[in-house]
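Below you'll find the structure, written out as C-alpha cells, and then a few comments.
The values are calculated or read from the model by the stated rules, or taken from the named source; none is laboratory data. What you see is a predicted model; the values in this text were computed from it and never measured. Neighbour counts run over all protein chains shown; Cβ positions are idealised from the backbone, glycine included. Heavy atoms of the whole protein, side chains included, go into the accessibility calculation; ligands, DNA and RNA do not. Shrake-Rupley method; radii C 1.70, N 1.55, O 1.52, S 1.80 Å.
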Amino acid sequence: MKNQQVKLSVTAEIRIKEEVALAEGISAIQQFCVDMNSEIGCDLAVAHQSKDDPRNIILWEVYKDQEAFQAHFEAAHTQAFFEKGITELNWASESYPLDKQAVGAVA
C-alpha cells in the first residue's frame, strides 16, 4: 500500500459574520463550492446550512490527496473568498476513508 493515494475528506464549520447579510453570505458560499468543484483534485465540495442557526454552515470536501487539498488553499478563488472576510472558521477536521484499501495506508 505504499505510495497509494488516499482520498482526504475535510469537514468544516464556518459562520457567516453578523455584519454580513445572510443572503449575501449564502450566495458567496454557494459560489465558493462551485469554484471548489472545478478544482482538479477536488471530488466534492458541498455546503449544508444548520437547522438551528442559519449562519452556521458545514462544508464537506473530498480531495484526491493531500496535494490537491494544499492546492485548494493556493487557488485564486480560495484566496478571494478568504479576503472577502464574510465568514469565520469555527472548526475543521481532516479524515480518511475507512475501507479495506485505506486501512494502514495513512500511517
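Worth a mention:
- From 23, 75, residue being small (Gly, Ala, Ser) and in contact with an Asp or Glu (Cβ under 9 Å, 6 or more places away or on another chain): 75
- Verdict on residue 10 being in contact with a Phe, Trp or Tyr (Cβ under 8 Å, 6 or more places away or on another chain) and at pLDDT below 95: no
- Residues in segment 1-48 that are among the hydroxyl-bearing types (Ser, Thr, Tyr) and in contact (Cβ under 8 Å) with a residue 60 or more places away in the chain: 9, 11.
- Taking segment 52-89 as the range and being of a type outside the set (D, E, K, R) and open to solvent by 70 Å² or more (accessible area, probe 1.4 Å) as the test, the residues that pass are 60, 66, 70, 73, 76, 79, 82, 89.
- Residues of segment 9-51 that turn out to be open to solvent by 60 Å² or more (accessible area, probe 1.4 Å) and not in a loop (DSSP other than H, G, I, E, B), as a count: 11
- Residue 100 satisfies every condition listed in (1) at pLDDT 95 or above; (2) of a type outside the set (Phe, Trp, Tyr); (3) part of a loop (DSSP other than H, G, I, E, B) except (1).
- In this structure, residue 95 does not qualify as hydroxyl-bearing (Ser, Thr, Tyr) and more than 13 Å from residue 7 (Cα to Cα).
- Test result for residue 68, modelled with pLDDT of 95 or more and closer than 21 Å to residue 98 by Cβ: yes
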